[in-house]
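Trainee: Please read through the structure below; I'll follow up with questions.
Any read-out appearing in this document is the output of simple, stated calculations on the displayed coordinates, not a laboratory observation. These numbers come from a predicted model, not from an experiment. Cβ sites come from the backbone with ideal geometry, for glycine too, and all protein chains shown count toward neighbours.
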Amino acid sequence: MVCTPRFDSAEFSSEPLLDFDAGYIKRAVDILPQQGSKAPWKVYQNYLRDSFLLRYSSIKDKYLEFVP
């Protein structure tokens, strides 16, 4: 089985993954990974939130395409 994420650019925008004001981050912002503007593409860096979502939410949604 193959799972492919689908990013809907009409619904989401991109933003920097790291929210730091350090100079070395600002200079490298163009080559660093990006994240989406809201879930499921937003990285919240919150252990309790991530733990809850991983345990109780479904992985089947309109943003993941499963192919046998």
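Trainee: Across segment 2-67, how many lysine pairs separated by 8 or more positions, or lying on different chains, have Cα atoms within less than 19 Å?
Mentor: Within segment 2-67, the lysine pair count is 4.
Trainee: Oh, and also: Given ALA28, TRP41, CYS3, which one lies farthest toward the positive end of the charge dipole of segment 2-67, if we put +1 on the Cβ of every Lys and Arg and -1 on the Cβ of every Asp and Glu?
Mentor: Of the options given, the answer is CYS3.
Trainee: Here's a follow-up. Can you list the HN-Hα couplings for segment 18-26, worked out from phi with the Karplus curve (6.51, -1.76, 1.60; θ = phi - 60°), rounded to whole Hz and with x for Gly and Pro?
Mentor: So the Karplus estimates, Gly and Pro as x, are 9, 9, 10, 9, 5, x, 5, 6, 4 Hz.
Trainee: Treating only the Cβ of Lys, Arg, Asp and Glu as charged (+1, +1, -1, -1), what charge dipole size does segment 2-67 show about its Cα centre? Round to the nearest 20 debye.
Mentor: 180 debye
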